[in-house]
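Chemist: Have a look at the structure that comes next, please.
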Amino acid sequence: EDPHLCTATTELYFDIEDSPLADNIGSSDPEVNPAFHDFFKIYVPYCSSDVYTGTRDGSILTDNFTFHGHHIFAALTEDLIQNTWITQAEQVVLLGGSAGAMGTEANCDYFAGELHAVNASIDVRCISDSGSLYPYDTHTPFCSPHLLEYAAFEVWNAISDASCLEEHPDGLACISASTAYPYVETPTMLLMSSEDTVIRICTEDEQEFWDQWRTELEALARKIISEVPNIGMYIANCPFHEALFYDPTYGSMEIPLVDGEEGSADVL
């Protein structure tokens with residue numbers, strides 16, 4: 001139905017100013033994009049179908065599909081280090097939305113470690129927009145979102161945060177920010193909606209369910225930021241998917257002032 005999702009682009013150049021990112025996080029206008037308008041930007045389209053974690057070759061198990069997202073990200077990082085001046089930058093921000101947000105969470109410390117191996121003074125940070133933060137105890141009967149996600153990671157032979165996997169070799173605790181957060185070493189910002197159903201499973205369309213969902217999500221968010229001070233959190237009480245890449249949300253959502261400055265700038 002969507003052949004472009006399985007086909008590489010043939011264009012030699014990608015102009016971010018002519019893309020859907022031009023009016024939000026990709027803009028070079030300081031009024032539109034106060035945090036990143038003067039950053040050099042590297043855009044990586046989602047192409048691995050495994051949230052940039054997979055290492056599985058095609059087989060009967062995968063219906064002959066190959067999941068090499070982790071290898072793609074590692075190769076990208078190596079190429080940037082070898083062929084650009086990224087290691088001379090003062091600050092580098094790894095940012096992703098939706099599946100890309102999950103990839104950001106899984107690869108954040110790895111990315112920072114590769115850059116710091118060349119230049120330890122780089123300020124590396126990560127932003128996950130609508131990623132894996134999940135209230136796992138709120139779900140429909142006989143449906144476990146955590147186990148269903150784990151099954152996908154097993155199929156992909158996924159690699160997520162290395163320090164988490166070292167302590168939890170089976171990987172169950174490492175596939176989501178909800179459980180892997182104690183192992184995050186790089187300063188990270190998590191952006192979420194309190195009612196994001198786009199990549200959510202085991203939900204139901206009842207007000208009581210979503211009230212419980214929001215309550216658990218809030219408690220989890222407060223627990224994370226109290227235990228890991230280098231993780232920032234912004235959860236908006238309105239339904240959306242992707243705050244930074246979706247123009248109505250990006251342009252209309254009010255950000256509270258922090259110490260008298262715009263919140264988006266202070267986060268960084």
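Bear in mind that the values in this text are calculations on the coordinates, not laboratory data. Model, not experiment: these values are computed from the prediction. All Cβ positions, even for glycine, are placed from backbone atoms using ideal geometry, and neighbour counts span all protein chains on display.
Chemist: By the scheme Lys and Arg +1, Asp and Glu -1, what is the net charge of all other residues having a beta-carbon under 12 Å from that of Arg125?
Modeler: Local charge sum for Arg125: -4.
Chemist: May I ask which residue of Gln207, Ser194, Ser144 lies farthest towards the positive end of the charge dipole of the range 135-257, with charges of +1 (Lys, Arg) and -1 (Asp, Glu) on Cβ and the Cα centre as origin?
Modeler: Toward the positive end, the furthest listed residue is Ser194.
Chemist: In debye, nearest 20: dipole of the chain around its Cα centre with unit charges on the Cβ of K, R (+) and D, E (-)?
Modeler: Dipole about the Cα centre, nearest 20: 560 debye.
Chemist: Based on the alpha-carbon gyration tensor of the range 167-222 and its eigenvalue square roots a ≥ b ≥ c, which shape applies: rounded if a/c is under 1.5, prolate if not and a/b is larger than b/c, or oblate?
Modeler: Prolate is the answer for the range 167-222, as a/c is 1.5 or above and a/b outweighs b/c.
Chemist: For the range 9-126, give the magnitude of the charge dipole about the Cα centre (Cβ charges: +1 Lys/Arg, -1 Asp/Glu; no others), in debye to the nearest 20.
Modeler: 360 debye
Chemist: Please identify which residues in the range 69-111 have an amide N closer than 16 Å to a label point set 7 Å out from the Cα of Cys238, following the Cα→Cβ vector.
Modeler: No residue passes the distance filter.
Chemist: I want the local charge near Thr84. Using Cβ-Cβ distances under 14 Å, sum +1 for each Lys or Arg and -1 for each Asp or Glu among the other residues. Could you put the intermediate results ahead of the total?
Modeler: On the way: positive: Lys41; negative: Glu78, Asp79, Glu114.
So the surrounding residues net to -2.
Chemist: Which of Tyr43, Pro229, Ile81 sits closest to the plus end of the dipole of the chain, meaning its Cα is farthest towards the positive end, when Lys and Arg get +1 and Asp and Glu get -1 on the C-beta?
Modeler: Ile81
Chemist: If amide hydrogens are placed 1.01 Å from N in the peptide plane, which non-local residues have theirs closer than 5 Å to the one on Val92?
Modeler: HN-HN under 5 Å from Val92: Asp123, Val124, Arg125.
Chemist: How much net charge surrounds His37 when only the other residues with a Cβ under 11 Å from the Cβ of His37 are counted, with Lys and Arg +1 and Asp and Glu -1? Show your work: numbers first, answer last.
Modeler: Working: positive: Lys41; negative: Asp29, Glu31, Asp38.
With Lys, Arg at +1 and Asp, Glu at -1, the neighbours total -2.
Chemist: Given H placed on each backbone N at 1.01 Å, which residues far from Met233 in sequence or on other chains put an amide H within less than 5 Å of it?
Modeler: Leu190
Chemist: Once you order the gyration tensor axes a ≥ b ≥ c over the Cα atoms, which shape class does the chain get: rounded for a/c under 1.5, otherwise prolate or oblate by comparing a/b with b/c?
Modeler: Because its axes are fairly even, with a/c under 1.5, the chain counts as rounded.
Chemist: Consider a paramagnetic label point 7 Å from the Cα of Leu148 along Cα→Cβ; state which residues of the range 100-128 have an amide N under 20 Å from it.
Modeler: 100-103
Chemist: Find the centroid of the Cα atoms in the range 88-151 and in the range 190-216, then give the distance between the two in whole Å.
Modeler: 20 Å
Chemist: Quick one: if you stick a label point 7 Å off each Cα along the C-beta vector at Ala89 and Ala120, how many nm between them?
Modeler: 2.2 nm
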